Each structure stands twice: as C-alpha cells, then as structure tokens.
Amino acid sequence: MKASTSNPGQTQSRKADHIRICLEEDVQCREITNGLENYRFSHYCLPEIDRQDIDISTNFLGKYLVAPLLISSMTGGTEEAGIINRRLAEVAQHYKLAMGVGSQRVAVEKPQVVDTFAIRKYAPDVLLLANVGAVQLNYKYGLDECLRIIDMLEADALILHINPLQECIQPRGDVNFRGLIDKIALLCSKLSVPVIAKEVGNGISGAMAEKLIAAGVSAIDVAGAGGTSWAKVEGERAENALQQRLGATFADWGIPTAECITGVRAIAPQIPLIASGGLRHGLDVAKAIALGADIAGLAMPFLQAAVVSEAAISELVEVLIAEIVTVLFCTGNANLQQLKHSGSLHRIQ
C-alpha cells in the first residue's frame with residue numbers, strides 16, 4: 001500500500017488555500033449548471049392551506065431535522081476553519097440542521113488541530129457527519145483511522161468523499177483509485193455508523209451509485225456539477241503550467257446535480273439521498289426534494305456567511321427556510337412528502 005504523497009504541513013496549508021480561493025477567486029462552474037433551471041413548479045393560486053401549518057421537518061439517518069438542510073462539508077484544520085466550524089455548528093444546533101465537516105485527514109496527520117473539528121460540544125443534538133477521502137483507503141488508512149475520525153467528531157455517520165478529478169489536478173494528489181470499491185465494502189461491513197458516499201462537485205451517476213450501494217454504503221450525496229469547480233480551485237493552486245492547463249480544461253466537467261438525483265433515484269428508490277452541487281437558495285432545495293432527494297446540502301452560501309458572523313449564518317437559514325416554505329405554499333403542499341408526490345415540478349426543456 002502506498003504512502004500518501006503529502007505531509008501534514010502541506011495538508012494544513014491546502015486547507016487554508018481552499019478557503020481563500022473559494023472566497024476570493026472565480027471558481028464557479030460557468031459552462032455547466034446544476035440542471036435545476038430546467039424544471040419549474042406549477043403555481044397554485046388557491047393552495048387551500050394555511051402557510052402557518054406547513055411542516056418542512058424530516059428525518060434523515062435516524063435524526064430529526066427541522067428543515068431538509070445539510071451544511072455541507074467544507075473545512076477544518078486551521079484556526080480560521082475552527083472558527084467557521086464552531087459558528088456553523090452553533091447555528092446547526094439552534095435550527096436542528098445536519099452538518100458535515102471538511103476532510104479530517106489533516107487531524108489524523110496533525111493531532112494538534114483536532115479541536116478545529118471537535119464541534120459536538122456546540123451541536124449536541126444534530127446529525128454530524130465525519131469526513132475523509134475514500135482514496136485514503138489506498139494510502140495506509142483503514143478501520144482504525146476511520147474510527148479515530150468518527151470519534152473526534154462524535155459523528156453519527158462517516159462521509160467517504162470521492163474526488164478523482166480533484167486529485168488529478170491537485171499538486172501531489174493521491175491518484176491510486178485501484179480496488180477502492182472492495183475496500184469501501186470492507187469498511188462498511190466493520191463500521192457501526194452509516195457510510196455516506198459523496199462526490200465533491202462532479203456527480204455520482206445512477207450506475208456508480210448502484211455499485212456503491214452494493215458495497216454497503218447507507219446513503220448517497222450526489223454532489224453534482226454546477227457549483228464550485230474543484231478543478232478551478234486546484235488550478236488556482238497549480239505549481240506548474242500542466243496543472244493550470246488541467247484546471248482550465250476540466251473546469252466544467254461533471255454530471256449536473258439534477259441529472260444525478262434522477263439517475264440515482266431510478267436505480268435506488270429507497271436509498272437516503274442528499275442533493276448537493278451548486279444549490280444556492282431554497283427554490284433549488286425544493287426542486288431537489290421534488291426530484292427525489294431527501295435533504296439538500298449547501299456549502300458556498302454557508303461559507304460566505306460563516307466568515308462574516310454567526311448572525312449572518314442564522315439570517316441565511318431563515319431565508320432558506322422561508323423560501324422552501326413559500327414553494328410548498330404556492331404549490332399547495334403541506335409537507336415534504338406531499339411535495340415529492342405532488343407532480344407539481346415539471347421539466348421545461
């Protein structure tokens with residue numbers, strides 16, 4: 001088994017770079033969208049419900065959520081990241097939202113940064129998702145490391161993020177993906193918490209979801225194309241012209257989020273499903289739910305709010321909830337299950 005090509009200092013520096021680049025550079029997809037603009041809700045001018053009675057709560061992986069929202073995995077491992085995670089966790093607790101953290105590999109390599117991930121004390125009741133790259137299973141990570149990652153967060157589930165394109169472009173990326181499906185299956189069989197397979201912005205197809213589900217993953221986060229392009233992000237970090245070129249060439253690579261949702265649902269009607277990838281407001285969330293997702297994850301909007309203040313995150317959540325409720329009200333649906341089965345979302349092109 002190969003050793004990882006990076007060291008703890010490089011991993012920590014990369015985390016700081018990622019925050020800065022996402023906030024300061026143009027790293028959004030431009031030629032590809034999340035695909036949700038191709039769908040439109042039918043408006044009900046007489047919804048025959050009281051807006052005050054609308055309930056957008058749900059349960060996901062055994063945890064109650066006030067709204068179908070996941071604060072998607074973003075960061076950890078630096079002082080700034082620790083502040084961001086604490087603010088996000090406190091808001092997640094207040095509103096009973098799900099939350100993931102960024103890859104915890106840096107904390108395994110450098111235990112002194114564990115506190116930047118240790119947010120359970122701020123969010124005692126919420127669904128917390130630990131996170132590590134699946135490819136690390138080919139770089140000396142196994143059950144013990146995954147248990148440490150879960151324990152440091154006191155997590156309810158483990159995200160295995162799958163990011164071949166990002167690793168191809170990233171300086172000193174880990175690109176040995178051989179045999180990972182069998183290692184994922186072995187890990188799933190030994191862990192006592194659910195495992196979530198997640199892409200990082202290039203999407204999970206129905207065919208790939210079928211393989212992952214057969215391997216034992218308990219949920220899928222499609223993380224489709226249309227939002228932040230990690231090819232662009234790594235292109236900004238490039239150390240040579242080749243990496244810059246790869247980042248530019250593959251800036252808009254991937255499967256649109258809407259296509260991922262429908263593709264996974266077609267082969268796995270019951271799998272717990274997270275929609276993420278370019279979702280920016282509550283209308284996107286509602287469309288994703290209507291297409292078949294159970295909850296929806298947002299990263300960039302939460303990151304932008306989190307670097308400002310906890311109050312800015314709370315304001316964002318209030319807006320997202322109001323937008324979701326407004327969709328249900330104006331489509332005559334009293335809850336998320338009704339929305340899913342209402343047939344009120346139509347493809348327009």
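Any residue in region 37-50 that is among the hydroxyl-bearing types (Ser, Thr, Tyr), touching a His at 6+ places or on another chain (Cβ under 8 Å) and surrounded by 13 or more Cβ atoms within 10 Å (Cβ to Cβ)? Within region 37-50, one or more residues are among the hydroxyl-bearing types (Ser, Thr, Tyr), touching a His at 6+ places or on another chain (Cβ under 8 Å) and surrounded by 13 or more Cβ atoms within 10 Å (Cβ to Cβ). Here region 218-231 is the region considered, the condition is being in contact with a helix residue (DSSP H, G or I) (Cβ under 8 Å, 6 or more places away or on another chain) and surrounded by fewer than 24 Cβ atoms within 10 Å (Cβ to Cβ), and the residue that is nearest to residue 173 (Cα to Cα) is 228. Being surrounded by fewer than 18 Cβ atoms within 10 Å (Cβ to Cβ), small (Gly, Ala, Ser) and assigned to a helix (DSSP H, G or I) is a property that holds for residue 322.
Taken together, 146, 188 contain a single residue that is out of contact with any Asp or Glu (no Cβ under 9 Å at 6 or more places or on another chain), of a type outside the set (A, V, I, L, M) and closer than 17 Å to residue 109 by Cβ, which is 146. Within region 269-319, the only residue that satisfies the criterion of being under 26 Å from residue 31 (Cα atoms), part of a loop (DSSP other than H, G, I, E, B) and of a type in the set (D, E, K, R) is 280.
Being more than 24 Å from the chain's Cα centre (by Cα), surrounded by fewer than 19 Cβ atoms within 10 Å (Cβ to Cβ) and not charged (D, E, K, R) is the filter here; which residues of region 327-349 pass it? Once the filter is applied, which keeps residues that are more than 24 Å from the chain's Cα centre (by Cα), surrounded by fewer than 19 Cβ atoms within 10 Å (Cβ to Cβ) and not charged (D, E, K, R), region 327-349 yields 329, 330, 332, 334, 338, 341, 342, 343, 346, 348, 349.
Of all the residues in region 211-257, those that are touching a strand residue (DSSP E or B) at 6+ places or on another chain (Cβ under 9 Å), in a loop (DSSP other than H, G, I, E, B) and of a type outside the set (S, T, N, Q) number 11. Given the structure, is residue 285 closer than 23 Å to residue 40 by Cα, at pLDDT 95 or above and either crowded, with 18+ Cβ neighbours inside 10 Å or touching a His at 6+ places or on another chain (Cβ under 6 Å) (or both)? Judged against the criteria, residue 285 is a match. When restricted to residues that are surrounded by fewer than 24 Cβ atoms within 10 Å (Cβ to Cβ) and either in contact with a Pro (Cβ under 9 Å, 6 or more places away or on another chain) or under 30 Å from residue 138 (Cα atoms) (or both), region 57-79 contains 7. Of the residues contained in region 177-200, one or more are found to be among the hydroxyl-bearing types (Ser, Thr, Tyr) and assigned to a loop (DSSP other than H, G, I, E, B). Which ones in region 290-346 are touching a Leu at 6+ places or on another chain (Cβ under 6 Å) and more than 18 Å from residue 68 (Cβ to Cβ)? Scanning region 290-346 gives 305, 306. Take region 192-202 and flag every residue that is over 11 Å from the mean Cα position of the chain (by Cα) and farther than 19 Å from residue 137 by Cα. Once the filter is applied, which keeps residues that are over 11 Å from the mean Cα position of the chain (by Cα) and farther than 19 Å from residue 137 by Cα, region 192-202 yields only 202. The single condition from (1) surrounded by 22 or more Cβ atoms within 10 Å (Cβ to Cβ); (2) aliphatic (A, V, I, L, M); (3) within 17 Å of the chain's Cα centre (by Cα) that residue 271 fails is (1).
The values are calculated or read from the model by the stated rules, or taken from the named source; none is laboratory data. Predicted model, so just to flag it, every value in this text is computed and none were measured. Every residue, glycine among them, receives a Cβ derived from its backbone with ideal geometry; neighbour counts consider all protein chains shown.
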